[in-house]
Amino acid sequence: MLMKHDKQTITEDGRLMLDKAQTDQIETVWERYQSQLPQCGYCDMGLSCRNCVMGPCRVDPFGEGPQKGVCGADGDIIVARNLGRMIAAGAASHSDHGRDLVEVLAEVGAGKGSGYQIRDEAKLRAVAAEYGIETEGKEAAAVAGELADAMQEDYGTRKKSLALVQRAPEKRREIWKKLGIMPRGIDRETSEMMHRTHMGVDNDWKSLLLHGLRNALSDGWGGSMIATDVSDILFGTPTPRPTGFNVGVLKKDRVNIVVHGHNPVVSEMVLHACEDPEVIKLAEARGAAGINLVGVCCTGNELLMRHGIKMAGNHLTTELVLSTGAVDMMLVDYQCIMPSLGNIGACYHTKMISTSDKARFPGMQHREFHPDNAARLAEELVKEAIENFPHRGNVFIPVESVDGMGGFSVESIVGALGGSLDPLIDAIKAGKIRGAVGIVGCNNPKIKQDYGHVTLARRLIENDILVVDTGCAAVATAKAGLKTAEAAQYAGPGLREVCTALGVPPVLHMGSCVDNVRILLVAAALANALNTDISDLPLAGAAPEWYSEKAVSIGAYFVASGVYTVLGPMPPITGSMNVVKLLTEGLEEAVGATFAVEPDPEKAAVLIRRRIENRRKKLGLPALAV
Ligand code: SF4
Ligand code: MSK
């Protein structure tokens, strides 16, 4: 049966590629979602538990069936435990990604990381100083080695708090201390969450949720922050640069290589190999006009931020990109890579390659990257992609790409503002910019692709609210044309004036999922400049189309850092009204911010505008009635 693709996605390339996938009899995420309906109501409400084999158990939300699991856990405990485990999985994913980067930094420090080098020495020295490392008179490699050691200590359990929490405003740190949620060790908090949620350990739903915040903080002010800092040190701190978006970035006459996943350790080496003149000559000898390296998801965003590499799509486009028949090789590292991809690649000529020792996929050839073989293996693989170019069948690239700008690190935003955040603060005080919102997260087949991100971003900028975004949200708004300087025309008069003066878009691309910490750092810098706390500022976060456990951790560290955060899809917590009330109301008193859940982005925009105007009023700034 033909699907109405305008129900699946707002994007033109998505609709056309869905037609193509259907013609080619490729099963996509949307069809598999349909085949799962109706999804399990107990799981949807968080009321099922399989933490031990006295179970699996479930609690009846209507009060007619069992109200307790075999061990005696009630709905509150089961819901809180399940949410805690989602946070632990998300925090572990980001933080383990950070660990991989620290290990490369350690290799570089030991003079062994062949092909990797320090690209931002100033940042290396600045971050090392934050860790209390004496850098004066030392070679960069020596500093890198010491910093890698100190960061590895952060993963362990021997400290009272992580080094980088010092970047949070003092008032925020006091809140964390008072609540007993100061993150200690990155691995420790995740490990403790797994312990607490074992049968017969923490059976107080409030205490479980508080530890959830601590676990998430160990990601936001720990693992993810380390991942971003070390990526900047090794590969360069991003600066604004032009790029392009959607499936139209694939080129019929070039060898197309797509990188997918999250960690830039592999993709940076692949980029390097693609720029080798000898390798380019080989591509020409095989009849191609050159090599075209593009990205999807966050590995793509990492390359986009630092090199302007173009993005073929976000999460729900990853299968469709293959059905262009134009991809000669897809290289994946880890996270958000659908296990369906290998089999889709096999329907075309695409070589599918997995590269991480911890992530394998059906239908993919496994070629493992390590610092000592990365440069050589990257070149080998790019050459194999070139040799695959003549094997292409029909190619279908139905759209032209959309222009956009990426590369807005904290450093480059401060640079664009002339060296300090003062002009931004002045614009906020004057009401030209009413506040700022971070839109983050994924696509989810439960929501029309990109509709949540794009609608929310449009409503916010129309109302003079600056939007910064990351991950798949950032690609969604870019595909919709909101990441050019000209997009200032869609903003309200105040934001338009500021963007036009600076030549920047009203929606700033701040990077990958781990780069959400860049948003935290802007918030912290604003709070410090105003001698206040993050929760007092006219800021908010939103994840209109989230799907992943990582997004739960991100949402939890945003809220625990004082940022009101609106989720699109409902997390699996409705089985416990106690948990729902704590997360959506009770946390306000504890950490100065809460979650809200609103799947309709039009209504989410109203909630956020209300919050921002409320915070403006509290700061004594001119406020509007919403
Ligand atoms: Fe059932 Fe309790 Fe075991 Fe969960 S921990 S499966 S509720 S017995
Ligand atoms: S890739 S976590 S689908 S944003 Fe970071 Fe996109 Fe979400 Fe993965």
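The values are calculated or read from the model by the stated rules, or taken from the named source; none is laboratory data. Predicted model, so just to flag it, every value in this text is computed and none were measured. We place every Cβ from the backbone using ideal geometry, glycine too, and count neighbours over all the protein chains shown. Accessible surface areas use protein heavy atoms only, side chains included; no ligands, DNA or RNA. Shrake-Rupley method; radii C 1.70, N 1.55, O 1.52, S 1.80 Å.
Numbers below:
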item	result
Unit charges on C-beta of K, R, D, E only; dipole of the stretch 334-391, Debye	180 debye
Within the chain, helix-based [θ] at 222 nm, where runs of 4 or more DSSP H residues each add -39,500 (n - 2.57), nearest 500	-14000 deg cm²/dmol
Range of Cα positions in the stretch 214-364 per principal axis (Å), largest first	53, 33, 27
Cα centroid separation - the stretch 200-253 against the stretch 534-548, whole Å	14 Å
Gyration tensor (alpha-carbon) shape descriptor, the stretch 528-626, a/c threshold 1.5	prolate
Tail beyond 28 Å, pair distance distribution of the stretch 395-533 (Cα, percent)	15 percent
Charge dipole (debye, nearest 20) of the stretch 247-391; +1 at Cβ of Lys and Arg, -1 at Cβ of Asp and Glu	340 debye
Calculated from backbone phi, Karplus (6.51, -1.76, 1.60) coupling profile of the stretch 392-399 in Hz, x at Gly/Pro	4, x, 5, 10, 10, 10, x, 9
Calculated from backbone phi, Karplus (6.51, -1.76, 1.60) coupling profile of the stretch 92-109 in Hz, x at Gly/Pro	5, 5, 4, 6, 5, 4, x, 4, 4, 5, 4, 5, 5, 4, 5, 5, 4, x
Candidates per trypsin sites (Lys or Arg not before Pro) in the stretch 217-321, loop by DSSP, up to 16 other Cβ within 10 Å	Lys252, Arg286
Subset of Lys159/Lys446; Lys123/Lys483; Lys281/Lys310 violating a 32 Å alpha-carbon distance limit	Lys159/Lys446
Rounded FRET efficiency, nearest 0.05, which uses the C-beta distance separating Ala285 from Asp204 and R0 of 51 Å	0.15
Cβ-Cβ FRET estimate between Glu278 and Glu153, R0 fixed at 45 Å, reported to 0.05	0.60
Gap separating the Cα centres of the stretch 428-472 and the stretch 1-62, nearest whole Å	25 Å
Within the stretch 11-82, chymotrypsin sites (Phe, Trp or Tyr not before Pro) in DSSP loop having at most 15 other beta-carbon neighbours inside 10 Å	Phe62
Point-to-point label distance, His391-Val70, nm (Cα→Cβ direction, 7 Å offset)	5.0 nm
Of Cys71, His391, Val102, farthest towards positive along the dipole that unit charges on Lys, Arg, Asp, Glu beta carbons give the chain	Cys71
Percent accessible area from carbon and sulfur atoms, the stretch 12-58, protein chains only, probe 1.4 Å	50 percent
Of Val563, Val626, His272, farthest towards positive along the dipole that unit charges on Lys, Arg, Asp, Glu beta carbons give the chain	Val626
Accessible surface, the chain, averaged per residue in Å² (probe 1.4 Å)	37 Å²
The stretch 75-235, accessible surface, carbon-and-sulfur percent (1.4 angstrom probe)	49 percent
Dipole of the stretch 1-53 [Lys/Arg +1, Asp/Glu -1 at C-beta], most positive-end residue of Pro38, Thr23, Gln8	Pro38
Label-point separation in nm, Leu619 to Lys7, each point 7 Å along Cα→Cβ	4.4 nm
Pair-distance profile P(r), taking every C-alpha pair of the stretch 161-259, with 10 angstrom steps and integer %	13, 30, 23, 16, 14, 4, 0
Accessible area of the stretch 407-618 belonging to carbon and sulfur atoms, whole % at 1.4 Å probe	54 percent
Spatially proximal lysines relative to Lys618 (Cα-Cα < 18 Å; intrachain offsets below 8 disregarded)	Lys171, Lys429, Lys432
Whole-angstrom gap from the stretch 606-624 to the stretch 316-380, using each part's C-alpha centre	46 Å
For the chain, share of DSSP beta bridges that run antiparallel, in % to the nearest 5	15 percent
Cα-centred dipole magnitude for the stretch 45-201, charges only on beta-carbon of K, R (+1) and D, E (-1), debye, nearest 20	540 debye
Sparse-neighbourhood loop sites, GluC sites (Glu not before Pro) in the stretch 101-190 - DSSP loop, at most 13 other Cβ within 10 angstrom	Glu134, Glu136, Glu139
The chain - Rg and Dmax from Cα coordinates, angstrom	23.6, 72
Kirkwood Rh, Cα atoms: Rg over Rh of the stretch 272-356	0.96
Glu585-Leu37 pseudo-label distance in nm [points 7 Å out on the Cα-to-Cβ vector]	3.3 nm
Antiparallel %, DSSP beta bridges [both residues in the stretch 330-484], to 5	10 percent
Gain upon complete extension [Lys446, Thr532; 0.36 nm per residue less C-alpha separation]	27.1 nm
Length gained when the stretch Met577-Glu134 is fully extended (0.36 nm per residue, less Cα-Cα span)	154.3 nm
Kirkwood estimate for the stretch 75-235, i.e. one over the average of 1/r between Cα atoms, Å	16.4 Å
Zone of Lys178's modelled label, taken as backbone nitrogen in the stretch 587-626 under 17 Å from a point 7 Å along Cα→Cβ	587-594
Solution diffusion estimate, µm²/s, Stokes-Einstein, the stretch 12-58, Kirkwood Rh from C-alpha pairs, 10 °C, viscosity 1.306 mPa s	118 µm²/s
